[in-house]
């Protein structure tokens, strides 16, 4: 989440400090006309149709139209269905957030860990 701040120590664009990783050869991210994205890092293979505010997304994530996420870190291959509202969460890989699911709140001072089996608050 520190990468979302305007000033931080790590410059992803510094040519002298390379990030070495294996490319998955997946398509670039797609941000639909219905999407609203603010202060968010979106990785390749993502399809964004909903609203993201202050989030970091790994690869191959689908945020469907009508979904809202704020202050979240989302790992690979997550699907967020319409009407879902998620605040202050870390979502593990391969999780499907069903329609109209609410996790956390804007006022919550906790971070919610979301796995396939459960939502952990501490």
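Points worth noting:
- If a spin label sat at a point 7 angstrom from the Cα of residue 120 along the line to its beta carbon, the backbone N atoms of the stretch 75-95 nearer than 16 Å would be those of 75, 89-95.
- The value of relative contact order for the chain, using C-alpha pairs under 8 Å at least six residues apart, is 14 percent.
- DSSP-defined beta bridges in the chain - what % are antiparallel, rounded to 5: 5 percent
- Eigenvalues of the alpha-carbon gyration tensor of the chain, scaled by 5 and square-rooted, set the equivalent ellipsoid semi-axes at 23, 17, 14 angstrom, largest first.
- Residue 20 versus residue 32: modelled label distance in nm, points set 7 Å from Cα along the beta carbon direction: 4.0 nm
- In percent, rounded to a whole number, the relative contact order of the stretch 48-91 is 37, using alpha-carbon pairs under 8 Å and six or more apart.
None of the figures in this text is laboratory data; all of them are computed from the coordinates on show. Everything numeric here is computed off the predicted structure, so don't read it as measured data. A quick note on method: Cβ atoms are made from the backbone with ideal geometry, for glycine too, and the neighbour counts reach across all protein chains shown.
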